[in-house]
Amino acid sequence: MKRPISVLVLTDHRSHNSDNSLYALCSELRRNAAVGAVHVASRGNPANDGFFYQFHDTTLRAWALDGEMHYRDGAYRFMQETVPADIRDYDWIWLRLPRPIPDGFFEFLASQVDEKRIFNRPSGVEETSNKAFLANFPELCPPVQLCQDVDAIWDFQERFPIVLKPLENYGGRGVVKVENGFIYDNDRKIPFQDYLPALEEQFRAGGYLGMKFLKNVHQGDKRIIVVNGVVVGAVLRLPPKGAWLCNAAQGGRAAKAAADAREMEMARKLSEALLPRGIAMFGMDTLVEDDGRRALSEVNTLSIGGIKPLEDLTGEPLVKRATDLLATYMQAGENLHRPALVS
């Protein structure tokens, strides 16, 4: 019989709210028979600066789960009621940090522990969280093109209206629409020439992924959560009236949904690419193409949220489903024979 698994979760409680799924996920993971200890360390605790920001220490202060993990206790437990931890003592590290990630942190983390014992793996996140990763799946996406100069954007938008997504941004930040020589930045209509300074600034940061603007955007952006190659659940995010961005951070609303056959095939193909890169959990977004079929518009591989709100919306045990799949993922890994930690 395999000994229980010890897990260290890396997060930042300063960005949490009461809807954050981390608390339910960690509570459920701690109840899994395969898991012996779940400790959670926050980037928001100054005692952890040597690890998260200065890259000279593998020791942290962590919340050792000894029961249910509740958001209402977070500020106190992450700061005041912690135990010593060393990242090298755990079987697995669960990387659940929000952006922005300090430059050099991923490299430091991977230099201190075997990356194969981290999910989602730093090198995998760096490779796949860039919007350019979508260009590897043209058969699943609307027409897409990497745009790293003004001419590329201008030529692409002459074919049809397009959306520009900054390669490294997240949460809908910096996303604009281009149509007939005008930039639409939320509700502002700006002549292309007047927007050039902002475009040039983004080119210096890496450029854009250009994607055909889909006229059916009002039908909603479907977020599908996949864990260890299995679709756990889906939610439809609808844009506010008169808007074209569906992101919840931009004011969209959520409704029940299910992955259709085409989306299940997308999840399979993405899992085949992501699991070998150490991405155990990801979110994929789809929009309705002009022909009525769903098309892939986004892949999120860093801090995938929404599972607990989705469970509350559907009434299905999605949190347990997700943590059971994560436990299976960890159990399939090579046994490191480390001493078991107790919470």
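FYI, it's all coordinate maths here, none of it is from the lab. These numbers were taken from a predicted model, which means no experiment stands behind them. Cβ atoms come from the backbone with ideal geometry, glycine included; neighbour counts cover every protein chain shown.
A few notes on this one:
- Charge dipole (segment 217-301, unit charges on Cβ, about Cα centre) - positive-most of 255, 287, 275: 255
- Overall dimensions of segment 217-301, expressed as equivalent-ellipsoid semi-axes from the Cα gyration tensor (√(5λ), whole Å, largest first), are 23, 13, 10.
- Neighbour counting of Cβ atoms within 10 Å sorts the residues 256, 241, 320, fewest neighbours leading, into 241, 256, 320.
- With all pairs of different C-alpha atoms in the average, the Kirkwood value for the hydrodynamic radius of the chain is 21.1 Å.
- Measuring r between the beta carbons of residue 158 and residue 66 and using R0 = 45 Å, the FRET efficiency lands at 0.15.
- Straight Cα distances below 15 angstrom link residue 165 to the aspartates and glutamates 149, 179, 185, 200, 201, 285, 298, with same-chain residues fewer than 8 positions distant left out.
- Computed from the alpha carbon atoms alone, the convex hull of segment 143-212 holds 75 Å³ per residue.
- Packing, taken as the mean count of other beta carbons within 10 Å per residue, orders the peptides 89-100, 144-155 from highest to lowest as 89-100, 144-155.
- Point-to-point label distance, residue 75-residue 111, nm (Cα→Cβ direction, 7 Å offset): 3.6
- Among 282, 160, 213, residue whose mean-square fluctuation peaks in a GNM of the chain (springs only between Cα atoms under 10 Å): 160
- Dimensions of segment 1-76 based on its C-alpha atoms, expressed as ranges along the principal axes with the largest first, amount to 40, 30, 16 Å.
- Straight-distance candidates among the lysines for linking to residue 269, with alpha-carbon spacing under 19 Å and chain neighbours fewer than 8 residues away dropped: 131, 222.
- Between segment 93-111 and segment 151-225, the C-alpha centres lie 28 angstrom from each other.
- Ranked for footprinting exposure by Cβ neighbours inside 10 Å, fewest first, 288, 83, 227 give 83, 288, 227.
- Note: relative contact order over the chain, using C-alpha pairs below 8 Å and six or more positions apart, is 20 percent.
- Zero-based 10 Å bins, Cα pair distances in segment 82-182, whole percents: 12, 34, 25, 17, 9, 3
- Charge dipole (debye, nearest 20) of segment 143-212; +1 at Cβ of Lys and Arg, -1 at Cβ of Asp and Glu: 280
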